[in-house]
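Here's the structure, in structure tokens; my notes come after.
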Amino acid sequence: MSTLSQRTIDAIRSNESQLLASWSVNLEASGASRDTRIGHSEFEGQTREFLRLLVAGSATGDTGSVASNEWSETRAFLEKLSRSRALQGFDSAHTAHFIFSLKRPLFDLLQKEYATDPAELANQLWAISEMLDTLGMHTIRTFQKSREEVIARQQEELLELSTPVVKLWDGVLALPMIGTLDSQRTQVVMESLLQRIVDTGSEIAIIDITGVPTVDTLVAQHLLKTVTAIRLMGADAIISGVRPQIAQTIVHLGLDLQGIVTKANLADALALALKRSGYQVGKAS
């Protein structure tokens with residue numbers, strides 16, 4: 001792998017102010033430094049710190065490999081930068097541009113430094129390019145990993161929000177289902193519903209599938225698992241929102257829902273639940 005010569009490192013150190021100024025101009029031209037999500041002072045601090053770490057790593061480590069201990073501080077800085085950019089809502093191109101926009105100022109500096117030595121100029125340009133490309137790829141990988149973590153956390157939060165367990169009456173819970181029911185969501189549904197049964201001591205749970213667009217064999221199996229879990233907790237289950245289309249689909253699929261009480265809508269399911277609980281609902285005279 002290529003390495004930066006001591007002459008190149010010294011040139012970068014002695015021209016730090018000019019490099020930072022040229023780098024800032026490039027970032028300004030791309031609009032990166034004008035984004036209000038990052039303060040100007042914070043942006044300047046990040047450029048100054050990265051250039052310092054770049055020189056420190058180049059002086060002791062191989063510029064073609066950022067996995068060595070000599071680059072540990074630089075890796076840590078870029079990982080922190082990538083995570084903050086991901087949380088702030090930036091894309092990977094914006095994050096990578098922070099690294100790659102430093103190429104032009106460094107190339108211009110090397111062209112002046114090695115104007116009379118084209119062979120060494122080519123060698124040092126390659127070393128600089130290889131180093132920044134490697135650091136840029138490390139930044140992108142970290143950014144993507146951070147974004148995946150953010151998306152996974154948001155999906156979990158959405159799952160929890162989309163499966164609220166509502167207390168309709170003393171001893172009666174309702175779980176309105178909206179959207180597709182898959183294995184992951186079924187697990188969240190069962191955990192939240194069973195916990196609420198324990199917390200409230202409810203004896204009847206209504207699963208409303210009015211908002212479930214289609215019911216196939218897999219969805220029906222998930223519903224059966226949920227009903228079985230409810231029964232194991234000593235409670236009864238009622239499935240409401242069985243529309244004519246869903247009823248026909250269940251018949252055509254040959255699904256066995258024997259022993260499971262179903263109702264056309266949530267109102268009918270609530271009326272049945274109250275009746276089982278010993279309540280009688282009627283109009284006030």
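The values are calculated or read from the model by the stated rules, or taken from the named source; none is laboratory data. Given the structure is predicted, the values throughout are model-derived calculations rather than measurements. FYI the Cβ positions are ideal-geometry reconstructions off the backbone, even for glycines, and counts take in every protein chain you see. Please note that ligands, DNA and RNA were not included when accessible areas were found on the heavy atoms of the full protein model with its side chains. Shrake-Rupley method; radii C 1.70, N 1.55, O 1.52, S 1.80 Å.
With +1 assigned to the C-beta of every Lys and Arg and -1 to the C-beta of every Asp and Glu, and no other charges, what is the dipole magnitude of region 1-139 about the Cα centre in debye, to the nearest 20?
Working: 13 positive and 18 negative charges, 67 e Å.
Computed charge dipole of region 1-139: roughly 320 debye.
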Item to check | Distance between modelled label sites at residue 210 and residue 16, nm, 7 Å Cα→Cβ extension | outcome: 6.7
Next on the checklist: Could you check the spin-label model distance between residue 73 and residue 180? Points 7 Å from the Cα along Cα→Cβ, value in nm.
Outcome noted: 4.9
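Using helices alone, I'd like the mean residue ellipticity at 222 nm for the chain: each DSSP H run of four-plus residues gives -39500 (n - 2.57), total over residue count, nearest 500.
-21000 deg cm²/dmol
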Next on the checklist: I want to make sure I understand the PRE zone here: with the label point 7 angstrom from the Cα of residue 243 toward its beta carbon, which residues in region 208-233 have backbone N atoms less than 16 Å away?
Outcome noted: 208-216
Item to check | Partners for residue 275 among aspartates and glutamates (Cα-Cα distance below 20 Å; same-chain residues under 8 apart left out) | outcome: 170, 203, 208, 236
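Please give the per residue accessible area of the chain, computed with a probe of 1.4 Å over protein heavy atoms only, in Å².
54
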Checklist entry - So for the pair residue 129, residue 111, with labels modelled 7 Å out along Cα→Cβ, what separation do we get in nm? => result 1.3
Checklist entry - If one computes the Cα centroid of region 170-220 and of region 226-250, what distance in Å separates the two points? => result 9
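In whole percent, how big is the carbon plus sulfur part of the accessible area of region 153-233, probe 1.4 Å, protein atoms only?
Ligands and nucleic acids excluded, carbon and sulfur give 56 percent.
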Item to check | Cβ charges +1 (Lys, Arg) and -1 (Asp, Glu), total dipole of the chain, debye | outcome: 900
Checklist outcome for this item: Computed over the chain, the distribution of all Cα-Cα distances in 10 Å bins, rounded to whole %, is 6, 22, 18, 10, 10, 13, 12, 7, 2, 0, 0
Checklist entry - So for the chain, taking the charge dipole from beta-carbon charges (+1 Lys/Arg, -1 Asp/Glu), which of 45, 92, 261 sits furthest toward the positive end? => result 261
Item to check | Assigned charges on the beta-carbon of Lys, Arg, Asp, Glu; region 141-232 dipole about Cα centre (debye) | outcome: 240
Checklist entry - Which of the listed residues, 114, 195, 81, is farthest toward the dipole's positive end in the chain, when Lys, Arg count +1 and Asp, Glu count -1 at the beta-carbon? => result 195
Checklist entry - Counting pairs of alpha carbon atoms under 8 Å apart in space and at least six apart in sequence, what relative contact order in percent does region 1-130 give? => result 40
Next on the checklist: Below 8 Å, C-alpha to C-alpha, sequence gap of six or more: please give me the relative contact order for the chain in percent.
Outcome noted: 14
